[in-house]
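The structure appears below as structure tokens.
The values are calculated or read from the model by the stated rules, or taken from the named source; none is laboratory data. Just so you know, these numbers come straight off a predicted model, no measurement behind them. Note: ideal-geometry Cβ built from the backbone for every residue, glycine included; neighbour counts use all protein chains shown.
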Amino acid sequence: MTNEFVMPSSIDGADEYLASVAAQETRPGFSGWVIPADQNQVIIRHLKENFNYDFLSSVTGVDNYPDPTLEVVYHLFKSTGGGALVLHAQIDRNDPRIASMVPLYRGAEFQEREIWDLFGIQFEGHPDLRRILLWEGFDGHPLRKDWKEPFYEEDVKPYKSRWPEGKASLIEEQNPLRDNVQFPAGFTPKNWTPEGEKKLVDAVKSQPVSEELETDEMVLNLGPQHPSTHGVLRMITATEGEKIVSLKPVLGYLHRNHEKIGERNTFLQIMPYTDRLDYISSMSNNFGYALAVEKLMGITPPERADYIRVMMAELTRISSHMMANGFLLNDLGAYFTPSLYSLEERELLLDVFEAASGSRMMCNYFRFGGVARDVPPEVLVKVKDLVENRLPRKIDELDRYLTNNELVMVRTQGVGTLTDEQAINFSITGPILRASGVPYDIRRSDPYSIYERLEFDVVTKTHGDVYDRYLVRLEEMRQSVRILKQVLAQMPEGPVMTGKPVYQVRVPAGEAFGHVEAPKGELGFYVISDGKPNPKRYHVRAPSFINMTAMEQMSIGWKIADVMAVLGSVDIVLGEVDR
Amino acid sequence: MDKFDPNKDGVVIPPELQHQVTVTTLDKIYNWSRSKSMWPMMFGLACCAIEMICTAASRFDLARFGMEVMRSSPRQSDVMIIAGTVTKKMVPFIVRLYNQMAEPRYVIAMGSCASGGGPFKEGYNVVPGIDKYLPVDVYVAGCPPTPEALLNGLMTLQKKVETESIATSPWYSKKAEPVPVPLLGPDLIDLKKIDLFPIQIPVESQPEPPAASEVGGAE
């Protein structure tokens, strides 16, 4: 994974074009181009139309405080494969405005709303620029470096209060309200009117009601406490009869400030936090973050560590897809029976994780340059038994019970379809994209670790409906078993860590985007280091979050009960959606 | 069932009625039946919810304790398991759900986030512990707690329920006041502390209102 490999844009002439309109990035450790901020739409449109950069993977903001600039960073990919094209656009910190990418890529919609929410950058031409993770009326834009949270202690960890010689006191005692809150000077609730949810209802009702039929549009709220919303997701819908006219996901009910805390943490301290992103597949999250930081540090793990990593990532994929398929059936109304079958297998996999890492769910197993400790030999025997005997049999069993089930077929076939063009335009990744017929899998399109030498198929289906997403997940489990068989046969002996394990890693200045094919889709970590023990910017490109962008497209025209099926097939985890 | 012996109060039962009649106190039989059919609310917030699902699934099998009936509606549930990080955006909904539960109602703070903010305590959108808003009965430690720990927490709650009495329990002496639902303004506004506004720094803040009786959590 060298830098030469991720810059194939020199082949197709995109570099010549960019050299004529933009400046090569010159900061140490940075790659890509600095584009003029007022030209961003023109340049990216040209790249999309002439050089086939049709997949906008990630948009994020960076605060260069104390420099008076904010930055918007675009990561463009081709859906046919290849590395990232990174574009930086710098804008004035006091009046941050830039043209929106939504007319070109619908997938930018939620990401730009997030940047507006957390950095306060105005996107001109964005159809629905509201706060997304926090609520309307919140005071400030929290990811700006000069914005301090109520429990602020110091800029970076480790805090003095956590050392024995420092003063040990509860942070609450320094807050006037003894709570995690802060208010603007002079604020009093007595002469303040709550903002309410008018903006939210207006956003969902903006669609015109049909003229011929004199029907009333009804606004229906789903969640955040709802038996099939997969956590604290809330959706607000406008319906005509029972038909969905418009639907807006309302996010942020689990916004745990992952990125703000991450920028205060040291590099290694972030690792356990990544477990809690997609908490069903913590090993995949570790993988992505370890890759990003290893790219910055310029180290590679030893052979055996690579094999252990891939083994853990594929076991995670099986457990996550098991749960996804089980809970899809839950949402269809098969109350808990199929998920009990899935959870039974998941427990066996959790035993493997617990034996290797010490924890069932929050593994915190990967380190920069390897893994925390070697896998005990008896665990490998157990994995071998699972892979050779139990899992293929159980996957076939699930297949036999569900795939040809009349009710499953009627409820899912043709529901919530997404064409390949739409899916790429919405920046969808993972099984949803592959069910729409696009063979895009990071393990093949931008290979990392040892996937290049492993044999497996990228599973695709053609209809792009809920049923095909279910089938893709089922087949991917079989492919994971196939990978695991090869991994177990080829796993070499040797060390599992490059160098000595240290608490404080030295990370040179620069930027890196490490991405893996997590069970939910492309999980990317964008890390900027300025040579200090803490990252300057730490951003997670969360697949569940971006896949939610297409929720409205997939639901329009279907009934309320079908929305649940669509949601089940998107397979979100709220820890990752809201971060 | 180990502690439950309905006949131990020294009431003499005639031999002909033995094995047919049981004499006990109302509290005992009432608490026994309540504690053996605690219905949790199906309500997950974050990572801990997955362990809660695992606890309910076949390996750990919550049904052994009469608790497998997870209700989606607060009106039908007895205990609310706060399974995960409580955020400022979510806490008005949690308080509303708690107010909608029928009395007597109990709260279990599952995991370190719900107990005290956990690893996310310093976050700007995180409530450092649900006990700032709701009276918590049992705290369960862990991040996330293993299913065994949650089971221990639920059994601790059962023991607590068995010590209650209809005569002295607050649920029956007066109508329980609903917890005021916090508001989302520039930041989360706790209506219990509304008299402290506008905030002058430094200010002597009032002590926290005492929570309902607490039983030591499963450590």
For this session: Being buried (at least 19 other Cβ atoms within 10 Å of the Cβ) and either assigned to a helix (DSSP H, G or I) or more than 26 Å from the chain's Cα centre (by Cα) (or both) narrows it down to one of A:502, A:487, A:516, so name that one.
Result: A:487
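Given the structure, is residue A:150 out of contact with any Ser or Thr (no Cβ under 7 Å at 6 or more places or on another chain), under 20 Å from residue B:189 (Cα atoms) and touching a residue at least 24 places away in the same chain (Cβ under 8 Å)?
Details: out of contact with any Ser or Thr (no Cβ under 7 Å at 6 or more places or on another chain): yes; under 20 Å from residue B:189 (Cα atoms): yes; touching a residue at least 24 places away in the same chain (Cβ under 8 Å): yes.
It is true that residue A:150 is out of contact with any Ser or Thr (no Cβ under 7 Å at 6 or more places or on another chain), under 20 Å from residue B:189 (Cα atoms) and touching a residue at least 24 places away in the same chain (Cβ under 8 Å).
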Problem set entry | Residue that is farthest from the other protein chains (Cβ to nearest Cβ), among those in the stretch A:285-308 that are farther than 30 Å from residue A:397 by Cα and of a type in the set (S, T, N, Q) | A:300
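To keep it simple, each residue is scored yes or no on (1) under 28 Å from residue A:407 (Cα atoms); (2) among the hydroxyl-bearing types (Ser, Thr, Tyr); (3) in contact (Cβ under 8 Å) with a residue 24 or more places away in the chain; (4) surrounded by 24 or more Cβ atoms within 10 Å (Cβ to Cβ).
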residue	(1), (2), (3), (4)
A:321	yes, no, yes, yes
A:329	yes, no, yes, yes
A:340	yes, no, no, no
A:350	no, no, yes, no
A:354	no, no, no, no
A:358	no, no, no, no
Exercise. Does the stretch B:77-91 include one or more residues that are more than 9 Å from chain A (Cβ to nearest Cβ) and surrounded by fewer than 20 Cβ atoms within 10 Å (Cβ to Cβ)?
Worked result: no
For this session: Go through (1) of a type in the set (Asp, Glu); (2) away from every other protein chain (no Cβ under 14 Å); (3) buried (at least 24 other Cβ atoms within 10 Å of the Cβ) and name the single condition residue A:278 misses.
Result: (2)
Problem set entry | Close pairs from the stretch A:364-380: first surrounded by 24 or more Cβ atoms within 10 Å (Cβ to Cβ), partner part of a loop (DSSP other than H, G, I, E, B), Cβ under 6 Å, at least 6 apart | A:365/A:372; A:368/A:505; A:370/A:301; A:370/A:496; A:370/A:498; A:371/A:365; A:371/A:496
Exercise. Across the stretch B:92-101, what is the total count of residues that are more than 8 Å from chain A (Cβ to nearest Cβ) and either aromatic (Phe, Trp, Tyr) or within 20 Å of residue A:181 (Cα to Cα) (or both)?
Worked result: 4
For this session: Report yes if residue A:45 is farther than 30 Å from residue A:299 by Cα and either assigned to a loop (DSSP other than H, G, I, E, B) or over 27 Å from the mean Cα position of the chain (by Cα) (or both), otherwise no.
Result: no
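Restricting attention to helices (runs of 4 or more DSSP H) lying wholly within the stretch B:95-174, give those where 3 or more residues are modelled with pLDDT under 90. Write out each step before concluding.
Numbers: elements: B:111-116, B:147-162, B:170-173.
Once the helices (runs of 4 or more DSSP H) in the stretch B:95-174 are filtered for at least 3 residues that are modelled with pLDDT under 90, what remains is B:170-173.
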For this session: Output the qualifying pairs, or none if there are none: Cβ atoms under 6 angstrom, residues six or more apart or on different chains, first residue in the stretch A:173-188 and closer than 13 Å to residue B:128 by Cα and of a type in the set (D, E, K, R), second residue surrounded by fewer than 17 Cβ atoms within 10 Å (Cβ to Cβ) and at pLDDT below 80.
Result: A:178/B:205
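Here's the yes/no breakdown for (1) among the hydrophobic types (A, V, I, L, M, F, W, C); (2) at pLDDT below 90; (3) touching a Ser or Thr at 6+ places or on another chain (Cβ under 8 Å):
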site: A:432; (1), (2), (3): yes, no, yes
site: A:459; (1), (2), (3): yes, no, no
site: A:471; (1), (2), (3): yes, no, yes
site: A:474; (1), (2), (3): yes, no, yes
site: A:488; (1), (2), (3): yes, no, no
site: A:494; (1), (2), (3): no, yes, no
site: A:501; (1), (2), (3): no, yes, no
site: A:513; (1), (2), (3): yes, no, yes
site: A:524; (1), (2), (3): no, no, yes
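Residue by residue, here is whether (1) at pLDDT below 80; (2) among the basic types (Lys, Arg); (3) closer than 23 Å to residue B:156 by Cα holds:
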{"position": "B:1", "(1), (2), (3)": "yes, no, yes"}
{"position": "B:6", "(1), (2), (3)": "yes, no, yes"}
{"position": "B:13", "(1), (2), (3)": "yes, no, no"}
{"position": "B:23", "(1), (2), (3)": "yes, no, no"}
{"position": "B:27", "(1), (2), (3)": "no, no, yes"}
{"position": "B:32", "(1), (2), (3)": "no, no, yes"}
{"position": "B:36", "(1), (2), (3)": "no, yes, yes"}
{"position": "B:39", "(1), (2), (3)": "no, no, yes"}
{"position": "B:42", "(1), (2), (3)": "no, no, yes"}
Exercise. If you check every pair at least six apart or on different chains, which have Cβ atoms under 6 Å apart with a residue in the stretch A:528-539 that is within 10 Å of residue A:296 (Cβ to Cβ) first and a residue that is among the small types (Gly, Ala, Ser) and surrounded by 22 or more Cβ atoms within 10 Å (Cβ to Cβ) second?
Worked result: A:535/A:529
Problem set entry | Every residue from the stretch A:549-579 that is hydrophobic (A, V, I, L, M, F, W, C), out of contact with any helix residue (DSSP H, G or I) (no Cβ under 6 Å at 6 or more places or on another chain) and assigned to a helix (DSSP H, G or I) | A:550, A:551, A:560, A:561, A:567, A:574
Problem set entry | residue A:179 of a type outside the set (S, T, N, Q) and away from chain B (no Cβ under 13 Å) | no
Exercise. Can you name the residue in the stretch A:161-176 that is within 37 Å of the chain's Cα centre (by Cα) and of a type in the set (Asp, Glu) and is also nearest to the other protein chains (Cβ to nearest Cβ) among such residues?
Worked result: A:172
Problem set entry | Matching option when the condition is more than 7 Å from chain A (Cβ to nearest Cβ), more than 30 Å from residue B:151 (Cα to Cα), modelled with pLDDT of 75 or more and in a loop (DSSP other than H, G, I, E, B), among B:198, B:180, B:186 | B:180
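Tell me, which residue of the stretch A:187-220 that is loosely packed, with under 10 Cβ neighbours inside 10 Å and at pLDDT 65 or above is nearest to the other protein chains (Cβ to nearest Cβ)?
From the stretch A:187-220, those loosely packed, with under 10 Cβ neighbours inside 10 Å are A:190-191, A:193, A:198, A:208, A:211-214, A:216; that's our starting set.
Those left that are additionally at pLDDT 65 or above: A:190-191, A:193, A:198, A:216.
Working: A:190: 7, A:191: 10, A:193: 10, A:198: 14, A:216: 27 Å.
Out of the qualifying residues, it is A:190.
Those residues that are in a loop (DSSP other than H, G, I, E, B) and touching a helix residue (DSSP H, G or I) at 6+ places or on another chain (Cβ under 8 Å), I need them from the stretch A:293-308; list them, please. Let's see the steps before the verdict.
To start, the set of residues in the stretch A:293-308 that are in a loop (DSSP other than H, G, I, E, B) comprises A:298-302.
Selection gives A:300, A:301.
Report yes if residue A:412 is crowded, with 22+ Cβ neighbours inside 10 Å and of a type outside the set (A, V, I, L, M, F, W, C), otherwise no.
For residue A:412, the condition - crowded, with 22+ Cβ neighbours inside 10 Å and of a type outside the set (A, V, I, L, M, F, W, C) - is met.
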Exercise. Does the stretch B:79-88 contain at least one residue that is assigned to a loop (DSSP other than H, G, I, E, B), modelled with pLDDT of 90 or more and among the basic types (Lys, Arg)?
Worked result: yes
Exercise. Restricting the search to the stretch B:36-71, which residues are more than 7 Å from every other protein chain (Cβ to nearest Cβ), over 23 Å from residue B:129 (Cα atoms) and outside any loop (DSSP other than H, G, I, E, B)?
Worked result: B:56, B:62, B:63, B:64, B:65, B:71
For this session: Write out, first by first residue and then by second, each pair whose Cβ atoms fall under 7 Å of each other, whose residues are 6+ apart or on separate chains, and whose first residue, in the stretch B:102-128, is within 11 Å of another protein chain (Cβ to nearest Cβ) and in contact (Cβ under 8 Å) with a residue 40 or more places away in the chain while the second is crowded, with 22+ Cβ neighbours inside 10 Å and acidic (Asp, Glu).
Result: none
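Take residues that are within 14 Å of chain B (Cβ to nearest Cβ), closer than 29 Å to residue A:289 by Cα and of a type in the set (D, E, K, R) and tell me which of the helices (runs of 4 or more DSSP H) falling wholly in the stretch A:309-408 contain 2 or more. Please lay out each step first, then the result.
On the way: elements: A:337-357, A:377-385, A:391-402.
In the stretch A:309-408, the matching helices (runs of 4 or more DSSP H) lie at A:337-357.
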Exercise. Here is a list of conditions, (1) free of Cβ contacts under 8 Å to residues at least 40 places away in the same chain; (2) surrounded by 21 or more Cβ atoms within 10 Å (Cβ to Cβ), and residue B:134 meets all of them except one; can you say which number that is?
Worked result: (1)
